[in-house]
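The values are calculated or read from the model by the stated rules, or taken from the named source; none is laboratory data. None of the values given here were measured: they were computed from a predicted structure. Counting neighbours? That spans all protein chains shown, and the Cβs are built from the backbone with ideal geometry, glycine included. We work out accessible area using only protein heavy atoms, side chains counted, and drop any ligands, DNA or RNA first. Shrake-Rupley method; radii C 1.70, N 1.55, O 1.52, S 1.80 Å.
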Amino acid sequence: MHISEGILSPAVLIGGAALTAAGVAVGMKNLDQKEIPTMGILSAAFFVSTLIHVPAGPVSVHLILNGLVGLILGWKAFPAILVGLALQALLFQFGGMTTLGVNTLNMALPAVVCHYIFGNALKPGTGRTVIISSAFGAGFCSVLMSGIMVGFSLYLTGEAFLPAAKLMVAAHLPVMFIEGILTAACVLFLRKVRPEILEGDHVS
Amino acid sequence: MIEELANGDSFIRRLDPRGKIVVVFLFSMVVASANRLQVLLCALVLGLLIVLAAKVPVKELVRRLIPVNMLILFFWLFLPFTFGGEPLLHIGPLAVTREGLLYATRITLKSNAMMLMLIALVASTPISTMGHAMHTLGIPQKIVHLFFFTYRYIHVIYREYFRLKNSMKIRGFTPKTNLHTYKTFAYMVGMLLVRSFDRGQRVHNAMLCRGFKGNLYSLSKFSFKKGDIVSVVFMLTLIILLGVLEWKKTI
């Protein structure tokens, strides 16, 4: 769900960049110098995960996983996603310099919101059903929110974008279910195999 | 594999990366806020000239322009019809408006002009150099470090992903649209995260053993030479000219 360069109006670009700067500042404040190697390698893993394509009926979709990023990293999702999108622009030219702010905001803000709504269920001692439904909710809602925010950025640029924006959100509906299922299964897996990743303690 | 753009030797490659980043950034800002077709056309031509000067292979260039233009194409299906204005021709119940066509043309020109400039930058500057340049341009050190670590390990983890994918294939896994497939992919992502997490801790410990104090040093020193000053001034003049043309409505 990238918006490429040259489409959005300057006001939307500047607003997005300002809010992203604020989000990144909060994320960096929470980020200890010692955590940076682990955080960087986790960001790299998320970057690689977005290159994975899974089948959805006749087509295949790539994973977004910003819900999972939010659950694991919290506010640190902002710097992680910023760096990931900057590298996507440099390596594949998806997105670019002026859209980096808006695109980061559209992906990272839903991640942080999901962290606050669904993150509590990941604490040790919660039941299996609660974990599954919360993780599903995080995966589903983050993509839904991102879709709405992308649509909203387009709408703020010009009302003529509205039909195209609506179609984009609708097309992401199957993706939301897939992301929900994947996030739920992934969280269950991590709970069994390496619970400390979910507990936000990333320094040994 | 994830590959950086092939980069042959060119005049632009030898320029100071900081100057290049600033120029591309200012160019993108001006083009993003410009609206006149003449200005955007000039910007596109300028982008094309710079990309040619950076000696980007044409095949590579086309391949990298495709994703941007797919999205633009998607908007072309809507904008001529949804933009209010003077109707030019009618297709069934829908009317193509002049303003809609102009708007779609505008974003096509803008997008491609900005992409050409970005490709020229990427093709002429290794990504690690870009990181050091960002640091000297005032991006906070923690973000630059995060950038370095992420970039360094994308390749390593991509290979890890390939190994996991191959071992799934060997065990007869064929992806389909069902719960089993999604669960399998979820476990694979989980495994990728676990291995990256462990690797992160090992790397950090290894760095501490070697006396890491939170600084990364670059072996290449940046220096702003005469050629850099001339090219930056030249490009800035052109960018200001674009801005003036937009503002004064002179062509």
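Within the stretch B:155-179, the only residue that satisfies the criterion of being of a type in the set (Phe, Trp, Tyr), more than 7 Å from chain A (Cβ to nearest Cβ) and in a helix (DSSP H, G or I) is B:162.
Tell me which residues, restricted to the stretch B:230-251, are in contact (Cβ under 8 Å) with a residue 12 or more places away in the chain, in a helix (DSSP H, G or I) and either closer than 16 Å to residue B:37 by Cβ or not polar (S, T, N, Q) (or both). Scanning the stretch B:230-251 gives B:232, B:235, B:236, B:238, B:239, B:242, B:243, B:245, B:246. Counting only helices (runs of 4 or more DSSP H) that sit wholly inside the stretch B:12-101, those with at least 2 residues that are modelled with pLDDT of 90 or more and open to solvent by 30 Å² or more (accessible area, probe 1.4 Å) are B:17-33, B:37-53, B:58-76. Considering only residues in the stretch A:171-204 that are open to solvent by 60 Å² or more (accessible area, probe 1.4 Å) and within 30 Å of residue B:84 (Cα to Cα), the one that is nearest to the other protein chains (Cβ to nearest Cβ) turns out to be A:171. Scan the stretch B:108-154 for residues that are facing chain A (nearest Cβ under 8 Å) and within 19 Å of residue A:84 (Cβ to Cβ) and the total you get is 17.
Please work out if residue A:81 is more than 10 Å from chain B (Cβ to nearest Cβ), open to solvent by 10 Å² or more (accessible area, probe 1.4 Å) and modelled with pLDDT under 95. Against the criterion (more than 10 Å from chain B (Cβ to nearest Cβ), open to solvent by 10 Å² or more (accessible area, probe 1.4 Å) and modelled with pLDDT under 95), residue A:81 does not qualify.
Residues considered: A:94, A:78, A:47. Of these, the only one that is in contact with a Pro (Cβ under 8 Å, 6 or more places away or on another chain) and of a type in the set (A, V, I, L, M, F, W, C) is A:94.
Looking at the structure I just gave you, is residue B:169 in the same structural domain as residue B:140 (by TED's automatic domain parsing), loosely packed, with under 14 Cβ neighbours inside 10 Å and touching a strand residue (DSSP E or B) at 6+ places or on another chain (Cβ under 7 Å)? Spelling it out, it is not the case that residue B:169 is in the same structural domain as residue B:140 (by TED's automatic domain parsing), loosely packed, with under 14 Cβ neighbours inside 10 Å and touching a strand residue (DSSP E or B) at 6+ places or on another chain (Cβ under 7 Å). Condition first: closer than 29 Å to residue B:103 by Cβ, in a helix (DSSP H, G or I) and modelled with pLDDT under 95. Can you find one or more residues in the stretch A:36-45 that meet it? The answer is no, given that none of the residues of the stretch A:36-45 is closer than 29 Å to residue B:103 by Cβ, in a helix (DSSP H, G or I) and modelled with pLDDT under 95. Hey, among the residues in the stretch B:180-208 that are open to solvent by 70 Å² or more (accessible area, probe 1.4 Å) and within 7 Å of chain A (Cβ to nearest Cβ), which one's nearest to residue A:68 (Cα to Cα)? Looking at residues that are open to solvent by 70 Å² or more (accessible area, probe 1.4 Å) and within 7 Å of chain A (Cβ to nearest Cβ), I get B:187. Every listed requirement among (1) assigned by TED's automatic domain parsing to the domain that holds residue B:37; (2) open to solvent by 20 Å² or more (accessible area, probe 1.4 Å); (3) in contact with a helix residue (DSSP H, G or I) (Cβ under 8 Å, 6 or more places away or on another chain) is met by residue B:148 save one, (1). Can you go through A:61, A:102, A:12 and tell me which one is within 25 Å of residue B:156 (Cα to Cα) and among the β-branched types (Val, Ile, Thr)? Step by step, each of A:61, A:102, A:12 is checked, and only A:61 is within 25 Å of residue B:156 (Cα to Cα) and among the β-branched types (Val, Ile, Thr). Condition check for residue A:141 on (1) at pLDDT 95 or above; (2) crowded, with 22+ Cβ neighbours inside 10 Å: one failure, at (2).
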